[in-house]
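A.B. asks: Pasting in a structure now, in structure tokens, and then I'll have a few things to ask.
Where a number appears in this text, it was derived from the coordinates with a stated rule and is not lab data. Note that the structure is a prediction, hence the values are computed from the model and not measured. No Cβ is skipped: glycine too gets one built from the backbone with ideal geometry, and neighbour counts run over all protein chains shown.
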């Protein structure tokens, strides 16, 4: 008899069922932003979307960073839709070291149609230099503090319980220059003021 080969059909594997994709729930702020897109914002709505308080919005207004809100007939304070991006820009610039006064001048120039980009870049470069100087000062402070801690530990071991060891006096004696030094943890603006005041005394 003639042999007739039988064709083996491959077994069909069942494909695993895909779980239905669940859409991520939108955050309340996102829903609010979509619902209010293109509409005037009440102060509470703007504050919620921007993540600030109403008092912060009023502070920005007083400092000239944010245009004053308009009053509606029922007395509510309303901001234009673009105020949200303005507040976010303000918060972002403040977070990287721009001062309120610097930012006010920059935004006022922008509002008048100017392009203060060179000014922004120059200020950022200056702040980067100041930050680098503060880092060096903090590193030096850390080394001095560690040295003082080691000396204080030895002093405490040789001091009778209940007796004053005079640790701070010991630091002054070992670091007389610290009497006139300004802490590197002082803000740049306050540091400049203290340095000016010190210069006037001389």
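A.B. asks: Given labels modelled 7 Å from the Cα in the Cβ direction, how far is it in nm from residue 67 to residue 54?
C.D. replies: Rounded to a tenth, the inter-label distance reads 2.2 nm.
A.B. asks: At 7 Å along Cα-to-Cβ for each site, give me the label-to-label distance between residue 129 and residue 146 in nm.
C.D. replies: In this crude label model, residue 129 to residue 146 measures out at 3.0 nm.
A.B. asks: Would you order 178, 43, 158 from fewest to most other beta-carbon atoms within 10 Å of each residue's own beta-carbon?
C.D. replies: Result, fewest neighbours first: 158, 178, 43.
A.B. asks: Sticking with this structure for a sec: Describe numerically, in nm with one decimal, the distance between label points set 7 Å from Cα along Cα→Cβ at residue 168 and at residue 94.
C.D. replies: 3.3
A.B. asks: Kindly state, to the nearest 0.05, the FRET efficiency for residue 121 paired with residue 158, given R0 = 41 Å and r defined as their beta-carbon distance.
C.D. replies: About 0.15, to the nearest 0.05.
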